[in-house]
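The structure under discussion appears below in the form of structure tokens.
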Amino acid sequence: MNDGQNMNDGQSMNDGQSMKSAILVIYTGGTIGMKEDPQDGTLKPFDFSQIKEEVPELNKFNVRIDSYTFSPLIDSSDVEPALWVNLAELIHERYEDYDGFVILHGTDTMAYSASALSFMLDGLTKPVIFTGSQLPIGVPRTDGKENLISAVEIASAKRADGSAEVPEVAIFFDARLLRGNRSTKYSAEAFNAFASPNLPPLAQAGINIRYNTEIIRKPSAAPLKVQTHLDCRVSILKIHPGITPAVARHSLCAPEIRACILETYGSGNAISKDWFLDIIKEADHLGKILLNVTQCKSGTVNMNLYATGATLKHSGVLSGQDITTEAALGKLFFLMGRSDNNKWVKKMLEKDLCGEITA
Ligand code: ASP
């Protein structure tokens, strides 16, 4: 477990009021909590108490808010699967103490982390809401305040029967709540930084927060089960004009690789030249798991549409359907961590495990 710091912020924030919910805000780093280093002008992380000082509005919630700060705080470009394991273990340990969790995280890899956690936290009945910002929280035009406040509201929201409004891993950003494993970072500059091209938002924040209950997942009937063993032997090969046999062979056939995500054109098409198909067949014969994910921002792989796609299918490549690359990576890490049996992993890859593909 990470040597983070616990801070019980609750009691000072809600004096004299009855507590409705308790939320754990987990701070991992990212722009939301950064400020400019006067020495070199770069953004560096500061601690959670400073974030709270910048957002006094949090005191107005009738919610107990505790915080947990990871150490060291990181720019999310440095996220590794070990952080996901730490997050999953922390949520598991504190699961009974809180009604929901808010994870403050850099935007660069937020969609990867939210995707991975959606698989690792099997059987959620409580919200796990990722958020961050494009501008640091101390900057006048920051988007961090509104993102944090709404994320806390969503993490504590309950239905009439007392169950959580959003019992799943999601990303709240710029007034929209998106399913974590359907999201992708879409803009390096706009406040509207994330997109979920193949699934509408789970909620929209305006005057009220409107939940799209039709598509929000049902709470699990089984208890939370956390899987922390991940197998990261995955490569991602983006097909492009001019790709060479040496590059393709390395990503597909190298001994250290168990699975390759092929980012293909359009509805799942790749090069129809013999040299490329021979490498695909070689990878298949070597027992590699080959998953076809489209480079397009929206839509689905359909390997029956064009001859080039059909050839891939007949050479052992599986359809990733409308999965994002981020979710495909998390799903592979998770399934391969669970079993050494590639046949089983391939079978499970085609199933919808937690809303990551349109079944
Ligand atoms: N580089 C930052 C990070 O991902 C960007 C951000 O937070 O928006 O940690």
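The values are calculated or read from the model by the stated rules, or taken from the named source; none is laboratory data. Values in this document were obtained by computation on a predicted structure and should not be read as measured data. As a convention, Cβ positions derive from the backbone with ideal geometry for all residues, glycine included, and neighbour counts pool all protein chains shown. Note: areas computed on protein heavy atoms with side chains; ligands, DNA, RNA excluded. Shrake-Rupley method; radii C 1.70, N 1.55, O 1.52, S 1.80 Å.
Numbers at a glance
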| quantity | calculated |
| --- | --- |
| Of all residues making up the stretch 50-65, the number that are open to solvent by less than 50 Å² (accessible area, probe 1.4 Å) and modelled with pLDDT of 80 or more | 6 |
| Flag if Thr308 is assigned to a helix (DSSP H, G or I), touching a residue at least 24 places away in the same chain (Cβ under 8 Å) and open to solvent by 10 Å² or more (accessible area, probe 1.4 Å) | yes |
| Matching residues, the stretch 311-331, being of a type in the set (A, V, I, L, M), open to solvent by less than 10 Å² (accessible area, probe 1.4 Å) and assigned to a helix (DSSP H, G or I) | Leu312, Ala327, Ala328 |
| Odd one out for Phe334, checked against (1) modelled with pLDDT of 95 or more; (2) in a loop (DSSP other than H, G, I, E, B); (3) touching a Phe, Trp or Tyr at 6+ places or on another chain (Cβ under 8 Å) | (2) |
| Residue satisfying condition, being away from the ligand (no atom under 16 Å from the Cβ), within 30 Å of Gly287 (Cα to Cα) and exposed (fewer than 14 other Cβ atoms within 10 Å of the Cβ), within set His229, His250 | His229 |
| The stretch 158-207, residues that are without any contact (Cβ under 8 Å) to a residue 24 or more places away in the chain and of a type in the set (A, V, I, L, M, F, W, C) | Ala160, Ala188, Ile207 |
| Leading residue by the ranking (farthest from Glu326 (Cα to Cα)) among those in the stretch 126-179 that are in a strand (DSSP E or B) and not hydrophobic (A, V, I, L, M, F, W, C) | Lys158 |
| Qualifying residue in the stretch 89-96 (condition: open to solvent by 30 Å² or more (accessible area, probe 1.4 Å) and touching a helix residue (DSSP H, G or I) at 6+ places or on another chain (Cβ under 7 Å)) | no |
| Residue in the stretch 82-99 that is of a type in the set (Phe, Trp, Tyr) and more than 15 Å from the chain's Cα centre (by Cα) present | yes |
| Qualifying positions in the stretch 13-42 - under 15 Å from Ser156 (Cα atoms) and at pLDDT 85 or above | Ser21, Ala22, Ile23, Leu24, Val25, Ile26 |
| Subset of the stretch 115-145 (residues that are open to solvent by 30 Å² or more (accessible area, probe 1.4 Å), within 16 Å of the ligand (Cβ to nearest atom) and under 20 Å from the mean Cα position of the chain (by Cα)) | Gln134 |
| Residues being away from the ligand (no atom under 15 Å from the Cβ), among the acidic types (Asp, Glu) and assigned to a helix (DSSP H, G or I) - total across the stretch 43-86 | 3 |
| Residue count for the stretch 307-337, restricted to those that are within 27 Å of Ala114 (Cβ to Cβ) and more than 19 Å from the chain's Cα centre (by Cα) | 3 |
| In the stretch 284-305, the residues that are part of a loop (DSSP other than H, G, I, E, B) and open to solvent by less than 60 Å² (accessible area, probe 1.4 Å) | Gly287, Lys288, Gln295, Gly299, Val301, Asn302, Met303 |
| Of all residues making up the stretch 19-39, the number that are more than 16 Å from the ligand (Cβ to nearest atom) and either among the aromatic types (Phe, Trp, Tyr) or loosely packed, with under 14 Cβ neighbours inside 10 Å (or both) | 4 |
| Of all residues in the stretch 253-274 being within 22 Å of Asp352 (Cα to Cα) and not hydrophobic (A, V, I, L, M, F, W, C), the one that is surrounded by the fewest Cβ atoms within 10 Å (Cβ to Cβ) | Gly266 |
